[in-house]
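Right, one structure below, let's go through it.
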Amino acid sequence: MFKMLCISKQKKIAVAIVLVLIVLCAVLIYLSRFDYWIGDYKYHFYLDSRKVYILDYRGEAEVLSIPQKVGPFSVGYIEPHIFDENEYIEEVVVGKNNGQVFFSNCKNLETISFEDNIKVLNYAFSGCNKIKAVNFPEGIEQITMGFHDCMGLSDVYIPKSVVKISRMAFQGTQFEKNHLNDKYYVAGNDILVFCNIDLTDDVVIPDGIKNCCVYLIAADEYSDRKIYYPETLEYMEGVVFAEDTVFFGGEDFVEINIRCEGLIVAPDDSPMAKYCKENNLNFRPMTKKEEKEWREKTEAAASEITYQEE
């Protein structure tokens, strides 16, 4: 009898625990429908994925370090423009946050620092004219955003670990103006950062370049422009415009992403030829004469490169 009473009591306790858990889950699900201010940030919590989104910011911190976790919830998204025109921020600490974050016209922002082991810069700065210098840390690999129209930015160090830089990452900066006399300015892991030639005419990218972050604008519709990329290229992303004929070698790419309206020419057994055939891009094999001209042009241009001083 006593044993039966004990079992019955245990069952009641188990049922009570289950009911409490059900009620707790129901409350949490109900609460997850709303946004909450916690400190300086407004959050929305997603129970199923254990993610939290940052939706707004009301702080007055001079040194800003965006949270990466809120309790057991990791930050999965940050509303991009919540820091625009902030007058308090003087320093931004770049962390490993997911998503892109923008700092536009933050008039007192002057220092960019980095947490340890940062691989990707997903922060974009524009119109932050007090920023004078940025030293990217060793180990960073991609600058996916940039410092557009940060007119005071003049000193930039890009380490060899950087393999990709977004197009026009430093457009409108003093850093760009400092290199107007460099026909080809190269930094990082052989990345062409600036190219001061007539981009509406035939374009030659020098041998040795692994990534070109120069935006090749569309040429005049009657120009019949030719563009020569070197065999050393590892990353190719961009548009082949309708007026362009673009020449490649036998390079073995790490990454290719091309929208093609013009014509791509490369050796018939090259990785680029394979990519064009797989993606139904307008392609024809390179002739021996074209291959000789392509090689001569890209190799000759290499002598005009200005490299970043280590």
Subtract the Cα-Cα distance of ASP48 and LYS107 from 0.36 nm times their separation in residues, and report this length gain in nm to one decimal.
17.3 nm
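Tell me the carbon and sulfur percent of the accessible area for the chain, rounded to whole percent, probe radius 1.4 Å.
Looking at the chain in its full context, I get 51 percent from C and S.
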Can you give the extra length, in nm with one decimal, that the chain gains between LYS132 and SER161 once fully stretched, where that is 0.36 nm per residue apart less the Cα-Cα distance?
8.2 nm
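Which FRET efficiency value, to the nearest 0.05, do you get for ARG284 and GLU261 by plugging their Cβ-Cβ distance into 1/(1 + (r/R0)^6) with R0 = 22 Å?
Computed FRET efficiency for ARG284 and GLU261: 0.90.
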Which aspartates and glutamates, if any, have their Cα less than 20 Å from the Cα of LYS42, not counting same-chain residues under 8 positions apart?
ASP56, GLU60, GLU62, GLU79, ASP84, GLU85, GLU87
Just to confirm the number: angle between the C-alpha axis of helix 2-31 and the first principal axis of the chain, 0 to 90 degrees, nearest 10?
40 degrees
In whole Å, what is the distance between the alpha-carbon centres of region 131-210 and region 254-310?
21 Å
Any idea what angle helix 288-301 forms with the longest principal axis of the chain, computed on alpha-carbon atoms, 0 to 90 degrees, nearest 10?
70 degrees
When the Karplus curve 6.51 cos²θ - 1.76 cosθ + 1.60 is applied with θ = phi - 60°, which whole-Hz ³J(HN,Hα) does each residue of region 132-146 get, with x for Gly and Pro?
9, 9, 9, 10, 5, x, 4, x, 5, 10, 9, 10, 7, 10, x
Mind running the shape call on region 212-267? Use the C-alpha gyration tensor, a ≥ b ≥ c as the square roots of the eigenvalues: rounded below 1.5 for a/c, prolate if a/b tops b/c, oblate otherwise.
prolate
Which value in Å is the Kirkwood Rh of the chain over different Cα pairs?
22.9 Å
Using the Karplus curve 6.51 cos²θ - 1.76 cosθ + 1.60 with θ = phi - 60°, work out ³J(HN,Hα) for each residue of region 45-57 in order, rounded to whole Hz, and write x for Gly and Pro.
9, 10, 5, 5, 9, 6, 10, 10, 9, 9, 10, 7, 9
Taking amide H positions as placed in the peptide plane 1.01 Å from N, state which residues far from PHE125 in sequence (5 or more) or on other chains have amide H under 5 Å from it.
PHE103, GLY146, PHE147, HIS148
Using the Karplus curve 6.51 cos²θ - 1.76 cosθ + 1.60 with θ = phi - 60°, work out ³J(HN,Hα) for each residue of region 152-159 in order, rounded to whole Hz, and write x for Gly and Pro.
x, 6, 10, 10, 9, 10, 10, x
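Using a probe radius of 1.4 Å on heavy atoms only, what accessible surface per residue do you get for the chain? Whole Å² is fine.
Here the per-residue accessible area is 54 Å².
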Past 20 Å, Cα to Cα: identify those pairs from LYS183/LYS288; LYS226/LYS288; LYS51/LYS164, in the order given.
LYS183/LYS288; LYS51/LYS164
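The values are calculated or read from the model by the stated rules, or taken from the named source; none is laboratory data. No experiment lies behind these values; they were computed from the predicted model shown. Note that each Cβ is placed from the backbone with ideal geometry, even for glycine, and that neighbours are counted across all protein chains shown. With ligands, DNA and RNA removed, areas are computed over all heavy atoms of the protein, side chains included. Shrake-Rupley method; radii C 1.70, N 1.55, O 1.52, S 1.80 Å.
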